[in-house]
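Working notes, beginning with the structure itself.
What follows draws every value from the coordinates through simple rules; no lab data is involved. Being a predicted model, the structure only gives us computed values, none of them experimental. All Cβ positions, even for glycine, are placed from backbone atoms using ideal geometry, and neighbour counts span all protein chains on display.
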Amino acid sequence: MIADRPAPAAARSIDPTGYAAHVGVMPIIQQSVETSAAEDVATNLAQDGHRGVWTSIKRGWAQQCPQCGDGALYYRYLKVHDVCPACGEELHHHRADDAPPYFTMTITAHIIVGGILLIERNFALEMWIQLAIWLPVTVLLSLWLLPRIKGALIAYQWANRMHGFGSEQIEGADLPPAEPLPARANR
């Protein structure tokens, strides 16, 4: 019987009361103590298949692998690794396309236009001063936001198993078969 065996030292440090050994969960505790964080991530994904969307998006925003959070998402400014260098997760499935630049332009435009209106109303600066301030801010904000938004979008796709992330299905395979066209009457 499991409760008759003495608890290992690592498990006793986790459960000093011995309750875990009494109810028979000692092998589970011992296994979780001995496995690494990367193995825990892989085991958790394999068991329940759940991928945390917000956790993935935060990792993507930080330009890290959406699965492990350790490996770099990019090997150059916007070039995504085909495979995570830390955990081996395939990342080549992503389809970011035009969404990151669109979101970057939308966010940047709202910030810049709001700033221009605020400065114009409160300080009424000359046009050349406004241009000297807002043109570099626009460029720098766009260059800063673009890889973060792209990383968040890739992580969102990974978390929701879109475009081949986590499934071997062919895209569109979940669609029902099309109804056959009615036959034409010969005239």
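Taking amide H atoms as placed 1.01 Å from N in the peptide plane, list the residues 5 or more away in sequence, or in a different chain, whose amide H sits under 5 Å from that of TYR74.
HIS81
Determine ³J(HN,Hα), in whole Hz, for all residues of segment 109-124 in sequence, where each value follows from phi through the Karplus function 6.51 cos²θ - 1.76 cosθ + 1.60 and θ = phi - 60°; x replaces Gly and Pro.
Computed from phi, the couplings for segment 109-124 are 4, 5, 5, 5, 5, x, x, 4, 5, 5, 5, 4, 6, 8, 10, 6 Hz.
With each pseudo-label sitting 7 Å past Cα toward Cβ, what's the TRP128-THR106 distance in nm, one decimal?
Inter-label distance under the simple model: 3.8 nm.
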